[in-house]
Ligand code: ASP
């Protein structure tokens, strides 16, 4: 059989009837009809039914075929025939035809599978097996089998098409794809770094990039003008369901541009990417300031597919008799509410009081929740008697209340607590009441973020990153109140309550950049140490520039409507940031640690996560801080065996006595004629600085070495 003649299973059609073809792939499913054997042969393009019949194939081919099992890898050649009327299979694209095999080659056998790969039933009307019920860790452990499943294969193929669309579109707009280093120095994006130790420079570390932020800005200073990269980024963050320690982001930067340039570019690109999933996004995308988003939805990534926008009713109760509200307002608090229109049938008094007010609202941080139902032109609730007629009339007007509506109010001395709790209630209610339309997509740009957030220590930290331009430059970096009032020129792209990406117009003025670092509380020295190389570049004519990054795993997952981003990543980590396939992260050999100069860090006796404490050679290597190579091991093993025998003897003599550690006089042995030299490091005591234990001028070591 000549693979060069191979055709793809899924590409065969009625037009091929009468043709002799060579096919190769995997046994997806089989059915034995006493003498006639039917097999679904699957390759990346799809499935075609192949038939082993004594009429077409020689006896030994049929005998060999009878031994085929699921996922055997085979090649066959045979003739394409039209299926007999009534035996067509609408479950597969090639269901009108089948291939009568004349030759078979078993290329490789397969063990019994840990889960079914096949999801196309062989007979019209029959149910497919599928593997949706399989535990995710098992799927990830056998990811190569999981990828054989059409659903996973389709996801990866669609991801490829989306990435291709990105490249083609950005190329057409003059953007150049440039790779930036993966072994690099720390980039401030607010997460922890993954560190990579350097062997050549012991006890020094590279950081994996949290983003290519610094490099893309340097590319702008380098005059590249328009850059993009489908960049792998690494952030050591706490586990969250839809997060991966490494992820892919579309990183973009451009010079001599403003916000509008980026909005237009990204909207056009996003529309094209979503079209690959058959989704028609509305353009232009909506825009909302951060303040408006927080005021009306309690979130800076608002889900705008449904209403339930907040109405502020603080002023309605400025003179209220209702003591709970009065006290909250006296403490500078606010009252916000939502109108859940026409849902009073689904939200009974019991549900509102016992579920929402008692349980759910407090679980979102609210200290209380007030509800009212509109019936017969009136607002009803357990506390409505405390409100004046005017207050009730104002509520009805502000919320445009009709019968059947339900009002929910949250009052709290803290604006943040009130908006956050009501925001979570908004999402909870929308989900419970089925108010989120399926297959709807609502993109929105969130703009005018605060430049800084307060820290617990009384300072500020960047809301985005320290390279984001503020809305004005004439601020005092020491005035906390003023700093917290600054807005940034940052923008996030949010869709359906998820942040797809974000970016900003950057600072391109060195003095302003220094001022921002000063506001962040970094001393001149710290700034120089961390960002000296970066700031230096601003001394050489930095152009105005800006950019953004889109999380591609999240974007592809949304386009393909998958339940998690892991469904669109070939080899993801599981929810515990572990790769069940390779077992990463895993312990390493002490030898490796020794080689990297990591055994002696902090004088710790045992490093967590190291595997071979039990191995006596490794233990010896550990106590002696000496790397032992594979070639040296047999010699060491022999020496150790001897030492052990001695040890046993000594133990017998010593009985239950503890082994002793002693210091023996050590002298430098010199070649005859060489003058003894003393290191300055030894004289000054520096030599022994990291010794685990010292006596006088000597290292104290376990007696086995003496
Ligand atoms: N570096 C930012 C991030 O990774 C995006 C940007 O500002 O371009 O979130």
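One residue is enough: does the stretch 159-170 have a residue meeting the conditions surrounded by 15 or more Cβ atoms within 10 Å (Cβ to Cβ) and within 16 Å of the ligand (Cβ to nearest atom)? Looking for residues that are surrounded by 15 or more Cβ atoms within 10 Å (Cβ to Cβ) and within 16 Å of the ligand (Cβ to nearest atom), one finds at least one in the stretch 159-170, hence yes.
Residues are listed down the side, and each one gets a yes or a no for (1) out of contact with any helix residue (DSSP H, G or I) (no Cβ under 6 Å at 6 or more places or on another chain); (2) at pLDDT 95 or above; (3) within 16 Å of the ligand (Cβ to nearest atom):
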| site | (1), (2), (3) |
| --- | --- |
| 412 | no, yes, no |
| 419 | no, yes, no |
| 426 | yes, yes, no |
| 434 | yes, yes, no |
| 447 | yes, yes, yes |
| 464 | yes, no, yes |
| 488 | yes, yes, yes |
| 503 | yes, yes, yes |
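For the stretch 273-281, the condition of being in a strand (DSSP E or B), surrounded by fewer than 19 Cβ atoms within 10 Å (Cβ to Cβ) and at pLDDT 95 or above holds for none of the residues.
For the stretch 218-256, the tally of residues that are within 13 Å of the ligand (Cβ to nearest atom) and in a loop (DSSP other than H, G, I, E, B) stands at 2.
Looking for whichever is within 16 Å of the ligand (Cβ to nearest atom), within 21 Å of the chain's Cα centre (by Cα) and surrounded by 15 or more Cβ atoms within 10 Å (Cβ to Cβ) here; the options are 136, 189. Which one fits?
Of the residues listed, the single one that is within 16 Å of the ligand (Cβ to nearest atom), within 21 Å of the chain's Cα centre (by Cα) and surrounded by 15 or more Cβ atoms within 10 Å (Cβ to Cβ) is 189.
Identify, from the list 437, 443, the residue that is in contact (Cβ under 8 Å) with a residue 60 or more places away in the chain, buried (at least 19 other Cβ atoms within 10 Å of the Cβ) and closer than 30 Å to residue 343 by Cα.
On inspection, the qualifying residue turns out to be 443.
Taken as a whole, the stretch 197-205 holds no residue that is surrounded by 13 or more Cβ atoms within 10 Å (Cβ to Cβ) and under 20 Å from residue 468 (Cβ atoms).
Between 302, 212, the distinction of being within 16 Å of the ligand (Cβ to nearest atom), buried (at least 20 other Cβ atoms within 10 Å of the Cβ) and modelled with pLDDT of 95 or more belongs to 212 only.
Considering each of 156, 127 in turn, give the residue that is more than 16 Å from the ligand (Cβ to nearest atom), over 30 Å from residue 262 (Cα atoms) and either out of contact with any helix residue (DSSP H, G or I) (no Cβ under 6 Å at 6 or more places or on another chain) or not in a loop (DSSP other than H, G, I, E, B) (or both).
On the way: 156 fails: over 30 Å from residue 262 (Cα atoms).
Answer to the check: 127.
crowded, with 20+ Cβ neighbours inside 10 Å and part of a loop (DSSP other than H, G, I, E, B) - does that describe any residue in the stretch 43-54? There is no residue in the stretch 43-54 that is crowded, with 20+ Cβ neighbours inside 10 Å and part of a loop (DSSP other than H, G, I, E, B). I'd like to check something: does the stretch 246-253 contain any residue that is surrounded by fewer than 20 Cβ atoms within 10 Å (Cβ to Cβ) and more than 12 Å from residue 550 (Cα to Cα)? Yes, the stretch 246-253 has at least one match.
Do the conditions hold for residue 568, that is, is it under 26 Å from residue 170 (Cα atoms) and either in contact with a helix residue (DSSP H, G or I) (Cβ under 7 Å, 6 or more places away or on another chain) or surrounded by fewer than 20 Cβ atoms within 10 Å (Cβ to Cβ) (or both)?
For residue 568, the condition - under 26 Å from residue 170 (Cα atoms) and either in contact with a helix residue (DSSP H, G or I) (Cβ under 7 Å, 6 or more places away or on another chain) or surrounded by fewer than 20 Cβ atoms within 10 Å (Cβ to Cβ) (or both) - is met.
Among 492, 456, 471, 476, which is the only one that is surrounded by fewer than 18 Cβ atoms within 10 Å (Cβ to Cβ), within 23 Å of residue 285 (Cβ to Cβ) and either more than 16 Å from the ligand (Cβ to nearest atom) or under 26 Å from the mean Cα position of the chain (by Cα) (or both)? Before the answer, list the steps.
Numbers: 492 fails: surrounded by fewer than 18 Cβ atoms within 10 Å (Cβ to Cβ); 456 fails: within 23 Å of residue 285 (Cβ to Cβ); 476 fails: within 23 Å of residue 285 (Cβ to Cβ).
After ruling out the rest, the residue left standing is 471.
Determine, yes or no, whether residue 67 is in contact with a helix residue (DSSP H, G or I) (Cβ under 7 Å, 6 or more places away or on another chain), at pLDDT 95 or above and surrounded by fewer than 19 Cβ atoms within 10 Å (Cβ to Cβ). Here the answer is no, as residue 67 does not meet what is asked. Taken over the stretch 434-455, residues that are in a strand (DSSP E or B) and farther than 27 Å from residue 273 by Cβ amount to 4.
The values are calculated or read from the model by the stated rules, or taken from the named source; none is laboratory data. Since this is a predicted model, take the numbers as computed values, not measurements. Here the Cβ is made from the backbone with ideal geometry for all residues, glycine too, and neighbour counts use every protein chain on show.
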